[in-house]
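Notes follow once the structure below has been shown.
The values are calculated or read from the model by the stated rules, or taken from the named source; none is laboratory data. Because the structure is predicted, anything quoted here is derived from the model rather than measured. Because the Cβ atoms are built from the backbone with ideal geometry, glycine has one as well, and the counts that use them run over all protein chains shown. Ligands, DNA and RNA are stripped out before the accessible areas are found, and what is left, the full protein with its side chains, is counted by its heavy atoms. Shrake-Rupley method; radii C 1.70, N 1.55, O 1.52, S 1.80 Å.
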Amino acid sequence: MSKKIAVFVGSLRKESLNRKMAKVLAALAPESLNLEIIEIGGLPLYDQDLDDEGRPPSAWTEFRERVKSFDGFLFVTPEYNRSVPGVLKNAIDVGSRPYGQSVWGGKPGAVISVSPGAIGGFGANHHLRQSLVFLDVPAMQQPEAYLGGAAQLFDANNNISNEATREFLKKFVDAFAAWVAKNSSENP
Ligand SMILES: Cc1cc2nc3c(=O)[nH]c(=O)nc-3n(C[C@H](O)[C@H](O)[C@H](O)COP(=O)(O)O)c2cc1C
C-alpha cells in the first residue's frame, strides 16, 4: 500500500514556484508514495492561550487531526530573509502543540527549497531542518535539494523544462520513497 505524504508549501502566492515544484514532485513520485498538498494559509497565528484555555480554533484542530493521518511529510519552501517563511513556521508550531501532543514526531520527512536566487533557499532549508530535529522528524539527508534560478525552471505548462533538473527531482523523490520505507513505524 502506498504511503500518504502530506506536502506543505511555504508560499501562499498564486503563481508560487514552490507550489509548482510540489505538483511536479507529486507527478514524479513512485507508486509507493501518494503526495497531497495540505493548505496552511487559513491557520490562525499560533497563540498558546487558546490551547491553555481549551478553546483552540477549529482550523487548528482540523489541521492537527488531518496531519496525524499521514505517514510522512514533504516541505517545499521558499526562503524569506534567509529563513523559513512565517506561514510555514506557523503551521509547524500549530502542529507541535499542545505540549506533548505534537503531530509530527517519529514520521519521516524531506525538505526541498526553491528560489529564483542563486543559492536556492539554503538558509530556509537548514533553519527548517533545525525545527525538524527538535520535532523528531527524521529528515532525509541526501540528496540535498536547493533549487536556485527557479524562475527559469518551468515551461508554460508548469513542467520542468530542463532534463537534468527533472532527472535530479526524480532521484530526490525516489530517495524519499526509500527513506519513508526505511523510517516508517511498522519498519523500525
Ligand atoms: C519577504 C520576502 C523575503 C525574501 N527573502 C528571500 C531570501 O532571503 N532569499 C531568497 O532567495 N529569496 C528571497 N525572497 C524572494 C523569494 O525567493 C521569491 O519571492 C520566490 O518566488 C518565493 O517563492 P514562491 O515563488 O514559491 O512564492 C523573498 C521574498 C519575500 C516576499
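In region 20-35, the count of residues that are under 16 Å from the mean Cα position of the chain (by Cα) and farther than 19 Å from A145 by Cβ is one or more. If Q130 satisfies every condition in (1) part of a loop (DSSP other than H, G, I, E, B); (2) modelled with pLDDT of 95 or more; (3) open to solvent by 50 Å² or more (accessible area, probe 1.4 Å) but one, which is the exception? Exception for Q130: condition (1).
Here is a yes/no grid of residues against (1) open to solvent by less than 30 Å² (accessible area, probe 1.4 Å); (2) part of a helix (DSSP H, G or I); (3) of a type outside the set (S, T, N, Q):
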{"position": "L35", "(1), (2), (3)": "yes, no, yes"}
{"position": "E39", "(1), (2), (3)": "no, no, yes"}
{"position": "P44", "(1), (2), (3)": "no, no, yes"}
{"position": "G54", "(1), (2), (3)": "no, no, yes"}
{"position": "W60", "(1), (2), (3)": "yes, yes, yes"}
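The set of residues in region 62-89 being part of a loop (DSSP other than H, G, I, E, B) and among the aromatic types (F, W, Y) consists of F70 alone.
Anything in region 1-29 that is more than 16 Å from the ligand (Cβ to nearest atom) and either open to solvent by 30 Å² or more (accessible area, probe 1.4 Å) or assigned to a strand (DSSP E or B) (or both)? List them, or say none. Of everything in region 1-29, those that are more than 16 Å from the ligand (Cβ to nearest atom) and either open to solvent by 30 Å² or more (accessible area, probe 1.4 Å) or assigned to a strand (DSSP E or B) (or both) turn out to be M1, S2, K3, K4, I5, A6, A27. Going by the conditions given, is N183 open to solvent by 20 Å² or more (accessible area, probe 1.4 Å), of a type outside the set (D, E, K, R) and under 14 Å from L28 (Cβ atoms)? Judged against the criteria, N183 is not a match. Looking at region 40-50, is at least one residue within 16 Å of the ligand (Cβ to nearest atom) and at pLDDT 95 or above? Looking for residues that are within 16 Å of the ligand (Cβ to nearest atom) and at pLDDT 95 or above, one finds at least one in region 40-50, hence yes.
Scanning region 142-155 for residues that are in a loop (DSSP other than H, G, I, E, B), farther than 18 Å from V84 by Cα and open to solvent by 30 Å² or more (accessible area, probe 1.4 Å) turns up Q142, D155. I'd like the residue in region 95-127 that is part of a helix (DSSP H, G or I) and open to solvent by less than 10 Å² (accessible area, probe 1.4 Å) and, out of all such residues, is nearest to S83 (Cα to Cα). Filtering region 95-127 for residues that are part of a helix (DSSP H, G or I) and open to solvent by less than 10 Å² (accessible area, probe 1.4 Å), the one nearest to S83 (Cα to Cα) comes out as A124. The set of residues in region 138-159 being in contact with a strand residue (DSSP E or B) (Cβ under 9 Å, 6 or more places away or on another chain) and within 15 Å of the ligand (Cβ to nearest atom) consists of A145, Y146, L147, G148, A150, L153, F154. Reported count of residues in region 161-174, each being open to solvent by 30 Å² or more (accessible area, probe 1.4 Å) and among the hydrophobic types (A, V, I, L, M, F, W, C), is 2. Among (1) among the polar types (S, T, N, Q); (2) surrounded by fewer than 18 Cβ atoms within 10 Å (Cβ to Cβ); (3) under 14 Å from the mean Cα position of the chain (by Cα), where does N158 come up short? For N158, the exception is condition (3). Note on region 62-81: residues that are open to solvent by less than 20 Å² (accessible area, probe 1.4 Å) and in contact (Cβ under 8 Å) with a residue 60 or more places away in the chain amount to 9.
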